[in-house]
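Read through the structure below, which is laid out as structure tokens, and then see the notes.
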Amino acid sequence: MKTSISFSLLLLLLGAATLLNIGLGSVWIPPQEVFQSLFHGPLIDQSHEYILWSYRAPKTATAMAVGGGLALCGLLMQSLFRNPLSGPYVLGLSSGASLGVSLLILGSSIGLPGWALIENTGIGRIAAAALGAVGVLALVVATASRVKDTMALLLVGLMIGSITSAVVSIFTYLSDEQSLKQYAIWTMGQLGGIQGPWLYGLWILVVLGVLLSIPLAKSMNAVLLGESTALSLGIDLKTYQWMVIAITGALTGGITALVGPIAFVGLAVPHLCRIGLQTSDHRLLIPAVLIGGAIMMLLCDTVAQWPGSASRLPINAVTSLVGAPILIWLIWRRKKAFV
Amino acid sequence: MGAIVLFLANMKTFTRHGCYFIHFILVVFCTSSLYGQTYAKGFRWGSTPEGYKTLAVRSSIQPEKWTSYVLIPRAQHQKIIRAKSTYKQVISLPVASLVLTSTTQIPALEALGELNKVRGFTGLPYISSQSARKAIEKGSIKEVGASGSLDIETVLELAPELILGYTMDQTPGFVAVLSKAQIPTILFQDWQEQNPLGRTEWIKVMGVLLDKETEANTYFNQVVDNYERVKKIAQRAKTRPTVVSGAVYQDVWYVPGGKSWMATLFSDAQADYLFNDSDQTGSLALSVETVIEKANQAAFWIAPAQHTSWREMKSDQPAYTAIKAFTQKKVVTYALNKGPTGGVLYFEQAALRPDWVLSDLVYFLHPGIMTGYTPHFFNYTTP
């Protein structure tokens, strides 16, 4: 009963955040026009119609998929590492994806052999980002199997972040202005302008990730009780681990390639959901983080587009400003943290 | 030097959107010579099999890719409708309303008397042109991205007939959104031209788009004539003074490459540019030591990036005193000449008026040769 109330509330919030995201932007469109266009039919003002349907609606759909996908990654990783501070950004997956993309964008400009052959757009970029993310994740998993200390894992993530930024800064020093600019723009994150096949592709990726994660919920619950308990419950730990690695690598890689590195959504949302729902049952948490991630991304994007102003804040900066304080707060109340 | 400042200016105009998909329309049926194009390498004219005129623009990221636009006079409705069913980017001529993204586009429009067609611009304070500033005050030119990046919603609301893009090569996603709304974008790559007159030649593109072809050609030919005239004057000089350029930014000295826009101007001004031997068309990133070793005897230092004051340069980088031109205060900068809202005039006008840049250089490098001339952009740095 309590759960259904919580979920109704979440869905209500999602609806509100969606309306807010579509309704607000740098151009003021009166709410009655927004409602008319959404529920009745095309507006007389064609430019408003374009803004709503060609720009804002795809951006809203992108934000939902990105938020849900990253939050799901965070949940999967927190369960895999049994570490409340895990998330695609904190553990260096986003950095790995960035490294892949920087190799692609900047590498060809400084004449690294081979990179010039790969098309520097679309599929090539997604592949580079996914490879980078999976590579880092494999490294983190290898560390996790050697070192049981969870803090060590975070340190490894931090170090990977440092290595990435070092490599990237060497590249930026060597490469030409054009590539540099292209890369810098990518790192700021972009939700708008993702259209057509790319938007469908993003949704298919996230939906596939969700479908593959649902059967893992039971394993995730069991692993919470410790590896030996999970084993005694008949959980195939190897398969479970590899599934999580594959899903999070593909999701983080794909999402990061398309919209740039997005910080802290993956980390913060699962915690907020655990606290909100007062549960650590992953059968409930999976749908909850999907909705919660979408809500957080939609709200952050609404703030980023700064209603009524022609300037935009980088989306990555906004999610950090919202997400990082949540991380600090979590560390403070860590004794009480779930997981 | 132009290159490093361009780089800094670009940092300011970073849009915050990645780029994932590029919609290039095939083609280029090249008949550029028909239009007497000689210097610019970034655009070319042609025609479709049906006989429509086309403009093709080179991508700055992938130089082998060209985007092409079909240009049809507004009066020929039927042709426009037919062309739109076959081609993605159809532009009706003359274009009645524009959104601009780079200050270099302003003086060209002003020269053609078409500033009244401008509806929006990214980063209004950068504009120095008096008539453009009046239009801004009147509210007829609107801000479409205060931070220098194009705000898509504002543009969609203004609904211009055409956008002359600049940094949008990086955000093809946006180009796609705009073209869906029937607003084509031409990526205006004048700044990519390495030949000084090549940048000026882009005025011909404006001329065709705005039905001011004759005026554009006349203007261009005048600039070419004047450039050649000054170049000849420079040849009378008895010396070829050595020149260093650029400045240190975070421990890296960015100097114009040997094949860059600026290097060509140095050479035409009869200067011995000390980094002429490099093949770079952009800027070179060198260590301070390398530059000092090579250029410590330089007679002139031209265009030290954003610097305007000798003393400020000295405190910024004491190593500058190793350069002879610096100790002898032969440092010439373009950054002192600013418009009413702080935009550097050189950035706005130099692309269209390389003849003025050349005249300025000759004036400073060979005193006495340019009699009765007042420099347009350059000054000695303040003490």
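Might you check whether a residue that is in a loop (DSSP other than H, G, I, E, B) and farther than 30 Å from B:Val223 by Cβ occurs anywhere in region B:100-114?
Checked against the condition, which is being in a loop (DSSP other than H, G, I, E, B) and farther than 30 Å from B:Val223 by Cβ, region B:100-114 yields no hits at all.
Looking only at region A:27-70, filter to residues that are open to solvent by 20 Å² or more (accessible area, probe 1.4 Å) and within 12 Å of chain B (Cβ to nearest Cβ); which one of those is nearest to the chain's Cα centre (by Cα)?
The selected residue is A:Ala57.
Considering region B:287-340 alone, what residues qualify as being touching a Lys or Arg at 6+ places or on another chain (Cβ under 7 Å), in contact (Cβ under 8 Å) with a residue 12 or more places away in the chain and open to solvent by 10 Å² or more (accessible area, probe 1.4 Å)?
Of everything in region B:287-340, those that are touching a Lys or Arg at 6+ places or on another chain (Cβ under 7 Å), in contact (Cβ under 8 Å) with a residue 12 or more places away in the chain and open to solvent by 10 Å² or more (accessible area, probe 1.4 Å) turn out to be B:Asn296, B:Gln297, B:Ala299, B:Phe300, B:Trp310, B:Pro340.
Can you name every residue in region A:263-304 that is surrounded by fewer than 22 Cβ atoms within 10 Å (Cβ to Cβ) and outside any helix (DSSP H, G or I)?
A:Gln278, A:Thr279, A:Ser280, A:Asp281
Quick grid of which residues meet (1) surrounded by fewer than 20 Cβ atoms within 10 Å (Cβ to Cβ); (2) at pLDDT 90 or above; (3) under 30 Å from A:Met188 (Cβ atoms); (4) of a type in the set (Ser, Thr, Tyr):
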| residue | (1), (2), (3), (4) |
| --- | --- |
| B:Met1 | no, no, yes, no |
| B:Val5 | no, no, yes, no |
| B:Cys19 | no, no, yes, no |
| B:Val27 | yes, no, no, no |
| B:Cys30 | yes, no, no, no |
| B:Ile80 | yes, no, no, no |
| B:Ala96 | yes, yes, no, no |
| B:Gln105 | no, yes, yes, no |
| B:Leu112 | no, yes, no, no |
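Run A:Ser219 past the list (1) more than 10 Å from chain B (Cβ to nearest Cβ); (2) within 19 Å of A:Thr252 (Cα to Cα); (3) modelled with pLDDT of 80 or more and report the number of the one that doesn't hold.
Here A:Ser219 clears every test but (2).
Select from region B:61-87 the residues that are out of contact with any Phe, Trp or Tyr (no Cβ under 9 Å at 6 or more places or on another chain) and touching a residue at least 40 places away in the same chain (Cβ under 8 Å) and list them in ascending order.
Answer for region B:61-87, where residues must be out of contact with any Phe, Trp or Tyr (no Cβ under 9 Å at 6 or more places or on another chain) and touching a residue at least 40 places away in the same chain (Cβ under 8 Å): just B:Ile61.
Listed residues A:Val259, A:Val265, A:Val244, A:Val207; which is over 25 Å from A:Arg82 (Cβ atoms), more than 14 Å from chain B (Cβ to nearest Cβ) and not acidic (Asp, Glu)?
Values: A:Val259 fails: more than 14 Å from chain B (Cβ to nearest Cβ); A:Val265 fails: over 25 Å from A:Arg82 (Cβ atoms); A:Val244 fails: over 25 Å from A:Arg82 (Cβ atoms).
It is A:Val207.
Given the condition of a type outside the set (Lys, Arg), modelled with pLDDT of 75 or more, surrounded by fewer than 18 Cβ atoms within 10 Å (Cβ to Cβ) and farther than 21 Å from B:Ser60 by Cα, answer yes or no: does some residue in region A:100-107 qualify?
No, there is no match, as no residue in region A:100-107 is of a type outside the set (Lys, Arg), modelled with pLDDT of 75 or more, surrounded by fewer than 18 Cβ atoms within 10 Å (Cβ to Cβ) and farther than 21 Å from B:Ser60 by Cα.
Among the numbered criteria (1) within 28 Å of the chain's Cα centre (by Cα); (2) touching a residue at least 24 places away in the same chain (Cβ under 8 Å), which one does B:Asp279 miss?
With respect to (1) within 28 Å of the chain's Cα centre (by Cα); (2) touching a residue at least 24 places away in the same chain (Cβ under 8 Å), B:Asp279 is out only on (2).
The values are calculated or read from the model by the stated rules, or taken from the named source; none is laboratory data. What you see is a predicted model, and the numbers here were worked out from it, not measured in a lab. For neighbour counting, all protein chains shown are included, and Cβ atoms are generated from backbone atoms with ideal geometry for every residue, glycine included. Areas reflect the complete protein model, heavy atoms only, side chains present, ligands, DNA and RNA absent. Shrake-Rupley method; radii C 1.70, N 1.55, O 1.52, S 1.80 Å.
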